[in-house]
Amino acid sequence: MEWAKFRRYASWMRRLSLIEGSSVSEEVLYLISANSPNGIMCPGLRNLFWAAEPHTLPFYRLFLSPHLIEIELSFRYRALEGEVLDEVLSDITSVVLELENLPLRHLYLDVPATSPSLDSAVSSAVLRCRHSLETLSVLTPLSDAAIQHIMRLPNLTTWEGVNGPAGASELSLSGAFPELKVLQLQAEASLEWLPLFGAAARRTSSGQDSRAPFNHPPGQKLTVLECWVDVSVNAAFMHPIMLFHGLVELMLESPCSSVGGCAFSLTDNDVAEIATALPRLRNATLGTPCSVNSCRTTVSSLAFLSTRCKSLEYLGLHFNTTNLRGDLESVSVDPRPHGLPSSPGRSFSLLMANAPYSISEEDVLPVLTGFLRIFPSLGRIYGNNTGWRELSRSLKEV
Amino acid sequence: MPHPIVEISELTQLVADHLLPDDRQSLVSLACTCRALEEQALSTLWSEQGSLKTLIKSTLLTGVLSPSQWLPQVRTDGP
C-alpha cells in the first residue's frame with residue numbers, strides 16, 4: 001500500500017532538486033531501487049538538479065528517467081583522492097554514459113577531476129545528443145576530440161568550459177558554434193579561445209575563408225560573454241572580444257589579488273574603443289575594482305561608455321578613484337541626446353565593489369552631480385566601503 | 001456530480017499551474033475540494049520537489065521505514 005502510494009506520487013515528479021545534505025540513507029535508496037519499476041523512481045522526470053554525495057552516486061539509475069531533458073550533476077567533494085576518487089569518477093562516467101540515450105537539451109557537469117574514461121563518455125554523450133543539446137556546461141578539462149564535437153553542435157546556444165582546443169588553428173573554427181549566444185570561459189579557457197575567435201574573425205573579414213556556409217565568423221550571434229581570468233587584462237586581451245559586436249552582456253572578472261598587483265592594464269582610450277565596438281552593451285563588468293587604485297582608467301572611461309553604449313543599465317568598471325571629484329568636474333561628456341538617455345522608467349546601477357574611496361561631507365553633492373552628468377538615470381551605487389555607501393544613500397535623497 | 005467545468009482538464013491544469021510554486025497550501029486545499037480536482041492538484045503539487053524527504057515522509061514512514069532508517073549514516077569529507 002505504502003509503496004503503491006510512493007510510486008504514484010513519484011510518477012508525478014517532473015522537476016527534482018537534490019541539494020547537498022538533503023539526501024537519504026543508502027538503506028532507503030536501496031529499498032526504493034528495489035521497489036521501483038525498472039529501477040527508475042520518477043519515470044516522468046524532465047529536470048534533475050543533483051548535488052551528488054558519495055553514498056548517493058551509485059544509485060544514479062533511480063533518477064535517470066527516459067524523459068530527462070535537463071540534468072545538472074555536481075559533485076563538490078574536492079578533497080577526495082586515490083581509490084575513492086577513482087570510484088567516484090567511475091560512477092560519474094557511468095551516469096554520463098547513460099545520458100547517451102536521453103533527449104537531453106541541457107547538460108551541466110561539475111565534477112572534481114576527470115579521467116580518460118569520463119572524457120570519452122562526455123564526448124560520446126555529446127555526440128549522441130548532438131541534435132538536441134542547447135546548453136552545455138562542463139567544468140572539467142576536456143580533450144581536443146570532445147571540444148571538436150562541441151564546436152559542431154548545431155543547436156548549442158550556451159557553452160561553458162574551462163579549457164580550449166590545444167593546438168587548434170583558426171581554420172578549425174570555420175562554421176563553429178553556429179547558434180552560440182552565451183559563452184562562459186573559466187580559468188585558462190579565455191586565453192585559449194579568445195585569440196582563436198579573433199583570428200577566425202579576421203580571416204573571414206579579409207576574405208580568406210569564402211567557403212559557404214563557413215563564410216561568417218564564429219560567434220557572430222554571441223550576446224553574452226563571461227570570462228574569469230587570473231592574468232593582466234590589457235588591450236591585446238580585449239581585442240578579440242571587440243569583434244563580438246552584438247554583445248549585450250560582457251562580464252570580465254580579473255581579481256587583482258591573483259596577479260599580486262593591479263591586473264587591469266587598460267587605458268581610457270582602450271575603453272573608448274571597446275565602447276565603440278560594443279554599442280549594444282546593457283550589462284558590463286570590466287575588471288574587478290580593487291583596493292590598489294593604480295589603474296590607468298579614469299572617469300573618462302565612464303563617459304565613453306555612457307555616450308557610446310546607450311542601452312547600458314549596469315556597469316562595473318575598474319577605474320582610478322584617487323582624484324574622483326576633480327576628474328568628475330573636468331570630464332568632458334558629449335552633449336545630450338547623444339549620451340545615455342535620462343529615462344525615468346529605467347535605473348542605471350554602478351558597481352564599485354572594493355574600489356577605495358572616502359568622501360567628505362562637502363564633496364558629496366559635487367561628486368553626485370558629476371556622476372549624474374555622466375549617467376542621468378543613475379539609481380544605485382554599489383560599493384563595499386563607507387564612501388560609496390554614503391554616496392548611494394545621498395543619491396536616494398537627491 | 002461535479003460541476004462540468006472541473007472536468008475540463010485544460011482549465012483545471014491552468015488553475016493548478018497558477019498556484020505552483022508560490023501557493024502549495026492552496027494546491028493541497030484544491031486537491032481536497034472534490035475528487036474531480038484531486039488528481040490534477042496532487043500531480044501539480046508533486047511535480048516540483050526540492051528533496052526526497054517529503055515523498056518518503058508522506059508515504060513510507062507510516063509502515064515501511066522508521067525515522068532512524070532514512071537519514072544518511074555515513075559521510076566522507078564534505079564540500
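A short reminder: the numbers here are calculations on the coordinates, not readings from a lab. This one's a predicted model, so the numbers in the text were calculated from it and none came from an experiment. Note that each Cβ is placed from the backbone with ideal geometry, even for glycine, and that neighbours are counted across all protein chains shown.
How many percent of the alpha carbon pairs in segment A:27-116 exceed a separation of 22 Å?
Of all Cα-Cα pairs in segment A:27-116, 26 percent lie more than 22 Å apart.
Let me know the charge dipole size of chain A about its Cα centre in debye, to the nearest 20, where only the beta-carbon of Lys, Arg (+1) and Asp, Glu (-1) is charged.
Dipole of chain A, to the nearest 20 debye: 1580 debye.
Looking at A:Phe348, B:Gln13, A:Gly370, which one has the Cα that reaches farthest to the positive end of the dipole of the protein assembly as shown (charges on Cβ: Lys, Arg +1; Asp, Glu -1)?
Of the listed residues, the answer is B:Gln13.
Over all Cα pairs of segment A:42-195, how is the pair count split among 5 Å bins, expressed in % and running from 0 up to the last occupied bin?
2, 9, 19, 23, 20, 14, 8, 4, 1, 0
For Cα pairs less than 8 Å apart in space and 6+ apart in sequence, what is the mean separation divided by the residue count of chain A, i.e. the relative contact order in percent?
Relative contact order comes out at 7 percent.
Need the list of lysines near B:Lys57 for cross-linking: C-alpha distance under 24 angstrom, and skip anything on the same chain fewer than eight residues off.
Output for B:Lys57: A:Lys5.
Between 0 and 90 degrees, rounded to the nearest ten: what's the tilt of helix A:2-11 against the longest Cα principal axis of chain A?
The angle comes out at about 40 degrees.
Within 13 Å, Cβ to Cβ, of A:Leu278, how many net charges do the neighbouring residues add up to if Lys/Arg are +1 and Asp/Glu are -1?
+1
Taking Cα atoms, how many degrees apart are the long axis of helix A:189-205 and the longest axis of chain A, rounded to 10 and kept between 0 and 90?
Helix A:189-205 sits roughly 70 degrees off the main axis of chain A.
Which ³J(HN,Hα) values in Hz, rounded to whole numbers, follow from the phi angles of segment A:234-251 under the Karplus curve 6.51 cos²θ - 1.76 cosθ + 1.60, where θ = phi - 60° and Gly and Pro get x?
Rounded to whole hertz, the list is 10, 4, 5, 5, 6, 4, x, 5, 5, 7, 8, 5, x, 4, 9, 9, 10, 10.
Compare A:Asn283, A:Asn35, A:Asn163 in a GNM of chain A, Cα atoms joined below 10 Å, and give the one with the largest fluctuation.
A:Asn35
Could you quote the convex hull projected area for the protein assembly as shown, Cα atoms only and averaged over all directions, in nm²?
If you wrap the Cα atoms of the protein assembly as shown in a convex hull and average its projections, you get 29.3 nm².
Tell me which cysteines of chain A come out unpaired when the rule is another cysteine's Cβ under 4.7 Å.
A:Cys42, A:Cys129, A:Cys227, A:Cys262, A:Cys295, A:Cys309
In degrees from 0 to 90, rounded to the nearest 10, what is the angle of the helix A:268-277 Cα long axis to the longest principal axis of chain A?
The angle comes out near 60 degrees.
Which order, highest average first, do A:236-244, A:263-271, A:60-68 follow once you tally other Cβ atoms within 10 Å for each residue and take the mean per peptide?
Taking the mean over residues of other Cβ atoms within 10 Å, the ranking is A:263-271, A:236-244, A:60-68.
Could you calculate, for segment B:4-65, the ratio of the Cα radius of gyration to the Kirkwood radius, expressed as Rg to Rh?
1.04
Cα centroids of segment B:18-47 and segment A:238-290: how far apart, whole angstrom?
What the calculation gives is 49 Å, centre to centre.
Pop out the Kirkwood hydrodynamic radius of segment A:72-120 from its pairwise C-alpha distances, inverse of mean 1/r, in Å to one decimal.
That comes to 11.4 Å for segment A:72-120.
Among the lysines, which fall within straight-line cross-link reach of A:Lys181, defined as a Cα-Cα distance under 18 Å, with same-chain neighbours fewer than 8 residues apart omitted?
A:Lys221
Under 5 Å between amide H atoms, partner at least 5 residues away or on a different chain: which partners does A:Gly316 have, H built in plane at 1.01 Å?
Under 5 Å from the amide H of A:Gly316 lie the amide H atoms of A:Ala284, A:Thr285, A:Leu286, A:Leu351, each far enough along the sequence or on another chain.
Report, in deg cm²/dmol and to the nearest 500, the calculated mean residue ellipticity at 222 nm for chain A, where each DSSP H run with n ≥ 4 adds -39500 (n - 2.57) and the sum is divided by the residue count.
Roughly -10500 deg cm²/dmol at 222 nm, from the helical runs in chain A.
How crowded by other chains is B:38-49, given as the mean number of beta carbons from other chains within 10 Å of each beta carbon?
4
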